[in-house]
Each structure stands twice: as C-alpha cells, then as structure tokens.
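First up is the structure itself, then whatever we jot down about it.
The values are calculated or read from the model by the stated rules, or taken from the named source; none is laboratory data. Because the structure is a prediction, the values reported are computed rather than measured. Here Cβ is always computed from backbone atoms with ideal geometry, including for glycine, and neighbour counts include all displayed protein chains. Each accessible area value is taken on the protein alone, full model and side chains, heavy atoms only, with ligands, DNA and RNA left out. Shrake-Rupley method; radii C 1.70, N 1.55, O 1.52, S 1.80 Å.
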Amino acid sequence: MVMRAKKNFIVVAYDISDDKRRGNVVKILEKAGSRVNYSVFECFLTDARYKRLQEDILSRIKIREDTVIFYPVCMDCYTKIVYLSASRRKFDKVTVI
C-alpha cells in the first residue's frame, strides 16, 4: 500500500503593482497550481510545499507595497465550491502586464 502525502487546497490571490515582481510571483504560482482568474490561483500542496511557496513568494515581493493572500480551504468546503461559468477558464497562457 502506497501512502500519499496529505495535500491542502489553497487559494492564492495577489495584488502586485510592479510588473517584474508580479511576473516572478506568477511564475512561482504557475508551478504550484492552476490559474483561475488573472490574480487568483488554486493549489493542492503538501504542508512542506505550502511553506516553501510562501517563502518563495515572500522573497520576491515588497511587503509594504504588495499583497499576497493565502486562503486554506477545508476539503468539506472544497467539495462545495461553485463555478458560475460555462466552463472553467484556462488562464495558463495569459500574458502578465
């Protein structure tokens, strides 16, 4: 029997005004999860990966100018997520401006 690491569902939203810093954060988040809106990502992460993601992003933003918010969502709540859209949009190829 293979044991799998417990993963957490995390929604990450950001408001970063500087193009370079925002681009760096987007690259990090694209490796960690799926873009569901221009400044929102959904990620399934182990505890260790979640901590590393926070550290990676913190090292690339200016805390006095930028905002990055991590919303942990419990699995019970995750099953109740409603997407009001004809289809889930794919924002993976969006150019960051």
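Of these, Lys20, Lys7, Lys31, which one is within 16 Å of Ile61 (Cα to Cα) and open to solvent by 100 Å² or more (accessible area, probe 1.4 Å)? Can you show your working first?
Values: Lys7 fails: within 16 Å of Ile61 (Cα to Cα); Lys31 fails: within 16 Å of Ile61 (Cα to Cα).
From the options Lys20, Lys7, Lys31, the qualifying one is Lys20.
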Write out, first by first residue and then by second, each pair whose Cβ atoms fall under 8 Å of each other, whose residues are 6+ apart or on separate chains, and whose first residue, in segment 1-12, is on the phi < 0 side of the Ramachandran plot and β-branched (Val, Ile, Thr) while the second is modelled with pLDDT of 95 or more and open to solvent by 100 Å² or more (accessible area, probe 1.4 Å). Ile10/Tyr71; Val11/Tyr71; Val12/Tyr71
Does segment 54-77 contain any residue that is acidic (Asp, Glu), assigned to a helix (DSSP H, G or I), within 16 Å of Val11 (Cβ to Cβ) and open to solvent by less than 100 Å² (accessible area, probe 1.4 Å)? yes
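Please specify each residue of segment 34-48 satisfying the condition of being of a type in the set (D, E, K, R) and crowded, with 16+ Cβ neighbours inside 10 Å.
As a first pass, look at segment 34-48 and keep what is of a type in the set (D, E, K, R): 35, 42, 47.
Those that are of a type in the set (D, E, K, R) and crowded, with 16+ Cβ neighbours inside 10 Å: Arg35, Glu42.
Suppose we filter segment 30-46 for residues that are touching a Leu at 6+ places or on another chain (Cβ under 8 Å) and in a strand (DSSP E or B); how many remain?
Start the filter on segment 30-46 by keeping residues that are touching a Leu at 6+ places or on another chain (Cβ under 8 Å), which leaves 32-33, 35, 41, 43, 45.
Those left that are additionally in a strand (DSSP E or B): 33, 35, 41, 43, 45.
Final tally of qualifying residues: 5.
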